[in-house]
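*Asks:* One structure, pasted below without further comment.
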Amino acid sequence: MRDYCFAFNFSSVKFLKSCFLFFFCTLFSVFHSIHLCSSLNPALVLPLKTQVIPPESVRRSPDKLPFRHNISLTVSLTVGTPPQNVTMVIDTGSELSWLHCNTSQNSSSSSSTFNPVWSSSYSPIPCSSSTCTDQTRDFPIRPSCDSNQFCHATLSYADASSSEGNLATDTFYIGSSGIPNVVFGCMDSIFSSNSEEDSKNTGLMGMNRGSLSFVSQMGFPKFSYCISEYDFSGLLLLGDANFSWLAPLNYTPLIEMSTPLPYFDRVAYTVQLEGIKVAHKLLPIPESVFEPDHTGAGQTMVDSGTQFTFLLGPAYTALRDHFLNKTAGSLRVYEDSNFVFQGAMDLCYRVPTNQTRLPPLPSVTLVFRGAEMTVTGDRILYRVPGERRGNDSIHCFTFGNSDLLGVEAFVIGHLHQQNVWMEFDLKKSRIGLAEIRCDLAGQKLGMGL
């Protein structure tokens with residue numbers, strides 16, 4: 001088993017920037033008996049450098065990974081023989097990794113598509129194979145056979161985007177290390193709610209607990225990530241994290257569900273939310289609100305592919321009302337019933353554009369079984385890009401109402417995971433949390449910003 005340690009940045013599939021912030025770090029890999037990320041030799045670590053440069057001027061170095069700054073987590077790597085450059089959104093809420101495929105013989109090389117025709121190691125999966133019939137049991141839509149008897153998959157997402165194509169295998173390269181026979185979806189039909197931004201990525205890297213997720217196929221017993229609040233940089237570690245400077249983690253168990261239920265995602269990272277605090281005071285929300293019902297609706301999922309946090313109606317209303325009361329004297333509510341940010345965030349404020357700092361805001365703490373996650377400061381309110389009313393900018397509460405999205409679940413997004421070491425322990429079925437300055441964690445690993 002190899003362990004890998006590398007850095008990442010968040011990049012958005014929602015908002016276009018005039019330039020992109022690229023971060024580079026060396027990817028380390030060693031063989032079975034050596035755990036690189038737990039016994040890291042400082043002499044092997046190269047500094048992480050930040051450069052503001054046009055994306056078209058970037059050329060991939062064989063031992064470094066570029067990342068793009070925005071809102072969703074993306075990673076660049078190569079796939080196929082010979083290798084083709086691809087950019088993938090890393091998503092702990094999805095199982096199947098997929099690439100946008102272009103099968104044209106004459107198509108020009110592009111990081112936004114993968115051409116299987118050019119790869120000698122590419123192999124489509126027959127629909128009669130056990131991979132297609134058995135390992136896809138947790139897909140929301142079971143695969144079918146296409147006209148060539150290949151395994152055909154259809155994926156759909158909460159934002160109304162979807163992708164469709166064949167399951168296949170090919171070699172994925174992380175740095176210079178090639179990993180053969182990785183199962184992924186070669187999607188030739190893509191529908192996106194934001195096609196302009198999503199066209200900048202080649203696909204998605206599924207990281208949930210399903211048998212076909214990238215982390216499951218690699219056989220890693222655990223992985224961690226740490227996202228800086230200050231500059232959207234961070235690090236992703238595949239393998240064990242035995243660092244003396246890392247505070248002891250508080251663990252919350254993953255919820256197991258052996259029986260399939262219509263609204264319960266069995267391969268998601270599901271934890272038990274037990275309460276919500278505002279300014280360290282527990283809100284009077286009945287425990288039953290946080291318990292999944294007999295259909296599986298109401299689970300709490302930790303999701304790197306979602307930016308904000310969404311709560312089911314009763315919990316959201318209690319939090320919204322209490323936060324509104326706490327900020328009544330310090331913030332001016334934006335009174336427009338027709339403005340609901342991202343379709344689920346209906347508590348917004350008007351803040352003068354010449355006001356450089358927000359007033360002190362009450363903290364919000366998510367109380368899990370055995371662990372807590374506290375959200376403070378700028379992570380409480382989000383300035384909506386491009387929205388101005390007179391001389392005021394619009395800032396919205398970063399907790400939304402799942403009911404307005406038609407999602408029967410609590411979803412913990414990556415904004416509220418900033419400056420928290422997040423460890424996903426697949427072997428022991430638990431998630432570990434510890435507050436930490438993630439920018440300093442990167443520096444301790446020799447990835448100085």
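The values are calculated or read from the model by the stated rules, or taken from the named source; none is laboratory data. From a predicted model like this one, the values you see are computed outputs, not experimental measurements. Cβ placement follows ideal geometry from the backbone for every residue including glycine, while neighbour counts extend to all protein chains displayed. Just so you know, the surface numbers come from the protein's heavy atoms only, side chains and all, with ligands and any DNA or RNA stripped out. Shrake-Rupley method; radii C 1.70, N 1.55, O 1.52, S 1.80 Å.
*Asks:* Anything in segment 390-406 that is more than 22 Å from residue 364 (Cα to Cα) and part of a strand (DSSP E or B)? List them, or say none.
*Replies:* Matches in segment 390-406: 392, 393.
*Asks:* Here is a further query. Regarding residue 345, is this residue open to solvent by less than 10 Å² (accessible area, probe 1.4 Å) and assigned by the TED database to the domain that holds residue 413?
*Replies:* yes
*Asks:* Related question: Quick one: in segment 247-261, which of the residues that are open to solvent by less than 90 Å² (accessible area, probe 1.4 Å) and of a type in the set (Ser, Thr, Tyr) is farthest from residue 436 (Cα to Cα)?
*Replies:* Step by step, filter segment 247-261, then rank; the result is 259.
*Asks:* Do we have any residue at all in segment 431-447 that's over 18 Å from residue 234 (Cβ atoms) and either touching a residue at least 60 places away in the same chain (Cβ under 8 Å) or in contact with a Gly (Cβ under 8 Å, 6 or more places away or on another chain) (or both)?
*Replies:* Scanning segment 431-447 turns up no residue that is over 18 Å from residue 234 (Cβ atoms) and either touching a residue at least 60 places away in the same chain (Cβ under 8 Å) or in contact with a Gly (Cβ under 8 Å, 6 or more places away or on another chain) (or both).
*Asks:* Within segment 113-126, can one find any residue that is surrounded by 12 or more Cβ atoms within 10 Å (Cβ to Cβ), modelled with pLDDT under 85 and within 24 Å of the chain's Cα centre (by Cα)?
*Replies:* no
*Asks:* Return the residues of segment 318-336 that are open to solvent by 20 Å² or more (accessible area, probe 1.4 Å), touching a residue at least 40 places away in the same chain (Cβ under 8 Å) and in a helix (DSSP H, G or I); say none if nothing qualifies.
*Replies:* Answer for segment 318-336, where residues must be open to solvent by 20 Å² or more (accessible area, probe 1.4 Å), touching a residue at least 40 places away in the same chain (Cβ under 8 Å) and in a helix (DSSP H, G or I): 318, 320, 322, 326.
*Asks:* Another one. With the structure loaded, tell me whether residue 400 is under 23 Å from residue 277 (Cα atoms) and surrounded by 18 or more Cβ atoms within 10 Å (Cβ to Cβ) or whether it fails that test.
*Replies:* yes
*Asks:* Sticking with this one: Look through segment 282-317, keep the residues that are buried (at least 19 other Cβ atoms within 10 Å of the Cβ) and hydroxyl-bearing (Ser, Thr, Tyr), and return whichever of them is nearest to residue 424 (Cα to Cα).
*Replies:* 304
*Asks:* Okay, moving on. Of (1) among the aliphatic types (A, V, I, L, M); (2) without any contact (Cβ under 8 Å) to a residue 40 or more places away in the chain; (3) more than 28 Å from residue 226 (Cβ to Cβ), residue 347 satisfies all except one. Which?
*Replies:* (2)
*Asks:* Limited to segment 423-445, what total is found for residues that are part of a helix (DSSP H, G or I) and under 19 Å from residue 303 (Cα atoms)?
*Replies:* 1
*Asks:* Within 21 Å of the chain's Cα centre (by Cα), assigned by the TED database to the domain that holds residue 330 and within 21 Å of residue 335 (Cβ to Cβ), is that true of residue 401?
*Replies:* yes
*Asks:* Okay, next question. Any residue in segment 413-425 that's closer than 10 Å to residue 224 by Cα: show its pairings with residues that are modelled with pLDDT of 95 or more and part of a loop (DSSP other than H, G, I, E, B) at Cβ separation under 8 Å, as long as the two are six or more apart or on different chains.
*Replies:* Filtered contacts from segment 413-425: 421/249; 423/249; 424/269.
*Asks:* If you go through segment 98-106 one residue at a time, do you hit one that is open to solvent by less than 20 Å² (accessible area, probe 1.4 Å), among the polar types (S, T, N, Q), modelled with pLDDT under 95 and within 21 Å of residue 171 (Cβ to Cβ)?
*Replies:* Among the residues of segment 98-106, not one is open to solvent by less than 20 Å² (accessible area, probe 1.4 Å), among the polar types (S, T, N, Q), modelled with pLDDT under 95 and within 21 Å of residue 171 (Cβ to Cβ), which makes the answer no.
*Asks:* Name the single residue that is modelled with the lowest pLDDT among those in segment 197-221 being of a type outside the set (D, E, K, R) and assigned to a helix (DSSP H, G or I).
*Replies:* 218
*Asks:* For the list (1) more than 25 Å from residue 355 (Cβ to Cβ); (2) open to solvent by less than 10 Å² (accessible area, probe 1.4 Å), I need the number of the one condition that residue 405 fails.
*Replies:* (2) is the only condition that residue 405 fails.
*Asks:* Here is a further query. Which fully enclosed strands (runs of 3 or more DSSP E) of segment 222-311 have 2 or more residues being out of contact with any Cys (no Cβ under 6 Å at 6 or more places or on another chain) and hydroxyl-bearing (Ser, Thr, Tyr)?
*Replies:* Ranges flagged: 222-227, 250-253.
*Asks:* Further question: Right, residue 43: at pLDDT below 55, aliphatic (A, V, I, L, M), open to solvent by 70 Å² or more (accessible area, probe 1.4 Å) and outside the structural domain of residue 414 (by the TED database) or not?
*Replies:* Answer is yes for this residue.
*Asks:* So, residue 377, is that one on the phi > 0 side of the Ramachandran plot and touching an Asp or Glu at 6+ places or on another chain (Cβ under 7 Å) or not?
*Replies:* In short, no.
*Asks:* Just give me the residues in segment 376-395 being open to solvent by less than 60 Å² (accessible area, probe 1.4 Å), within 20 Å of the chain's Cα centre (by Cα) and in contact (Cβ under 8 Å) with a residue 60 or more places away in the chain, in sequence order.
*Replies:* Answer for segment 376-395, where residues must be open to solvent by less than 60 Å² (accessible area, probe 1.4 Å), within 20 Å of the chain's Cα centre (by Cα) and in contact (Cβ under 8 Å) with a residue 60 or more places away in the chain: 379, 382.
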